[in-house]
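Let me begin by presenting the structure, written as structure tokens, before commenting on it.
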Amino acid sequence: WALGEDGSSAAPRFWVFKTTDAARHWLRQLSGSASSPTAGALKIQFFDRNNGLIELGGTGAVYRTGDGGAHWTALAVPTFSYSSVFFSDRLHGWILGTLVSLDQRTSESRFFSTFDAGDHWAALPQPPGVLFAGKGGFSEVVFRGPSEGWMGGAAAQSMIYSTIDAGVTWHAHPLPVTSGNDGFAEGSAPLLETTVYLLPGAGVLAVVIDLNGSPVGLTSFDGGRTWRRL
């Protein structure tokens, strides 16, 4: 499957295509318009031959299919100024969103989960790692299964967070990255922005944008107790 978009207009058009012959031919399965310009990357995620979903770049528009893309259903998800959706499997998903005030001066982060493929969403406690809003201004949350999850954030000290209870509580993992003098700032405090990715097995990769703009990568294979700098 492939998801494409023309974001040059106020209501961007999008298309979903499918191939069954190693990308020699493509069949268009879905097309439509997003409600607003995108605020992040497009996402397409399939769990097997039949079940998958697409997210339209942070606009809050999420579509689900259960028959290999022949039919798609728009999910009713919580509404945010910016949002990021992650599903660990067909049934279990999370949405991390930011509400920005009309004057752009204040923001509020909220977190929801679903255990029935997006039919219903339940509010979770506000996550610890989201400190500022913006176009992609929070790190995505990733889950290895229904319980284990990881999240980056932005703070004066580089930090990522893990959960083993599906996002109800989080444990902080400080990372050994030295601060500099430039880079992201909120008020007078410089910020280190950290994003976390899952590796096969039990591994995680943390990518820190240090204060001179250079990315620093660290890996852990013991639940965040020890880290190796790449």
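Please list, in order along the range 21-33, the HN-Hα scalar couplings obtained from phi with the Karplus expression 6.51 cos²θ - 1.76 cosθ + 1.60 (θ = phi - 60°), rounded to whole Hz, x for Gly and Pro.
These are the phi-based 3J(HN,Hα) values: 10, 6, 6, 6, 9, 10, 10, 6, 10, 8, 8, x, 10 Hz.
In what sequence, largest accessible area first, do Val16, Val168 appear using a 1.4 Å probe?
I get Val168, Val16, largest accessible area first.
Can you list the HN-Hα couplings for the range 93-109, worked out from phi with the Karplus curve (6.51, -1.76, 1.60; θ = phi - 60°), rounded to whole Hz and with x for Gly and Pro?
Per-residue couplings from phi come out as x, 9, 10, 10, x, 10, 9, 10, 5, 4, 8, 6, 8, 10, 8, 9, 9 Hz.
Between Val168 and Arg228, 0.36 nm times their residue separation minus their Cα-Cα distance comes to what? Walk me through the intermediate numbers first.
Working: separation 60, 0.36 × 60 = 21.60 nm, distance 2.79 nm.
Answer, rounded to one decimal: 18.8 nm.
Any idea of Tyr161's accessible area? Nearest 10 Å², probe 1.4 Å.
Result for Tyr161: roughly 30 Å² accessible.
Report the accessible area of Asp119, computed with a 1.4 Å probe over the heavy atoms of all protein chains in place, in Å² rounded to the nearest 10.
90
Rounded to the nearest 10 Å², what accessible area does Arg229 have for a 1.4 Å probe in the complete protein model?
130
The values are calculated or read from the model by the stated rules, or taken from the named source; none is laboratory data. Not measured: the values here are computed from a predicted model. Please note that ligands, DNA and RNA were not included when accessible areas were found on the heavy atoms of the full protein model with its side chains. Shrake-Rupley method; radii C 1.70, N 1.55, O 1.52, S 1.80 Å.
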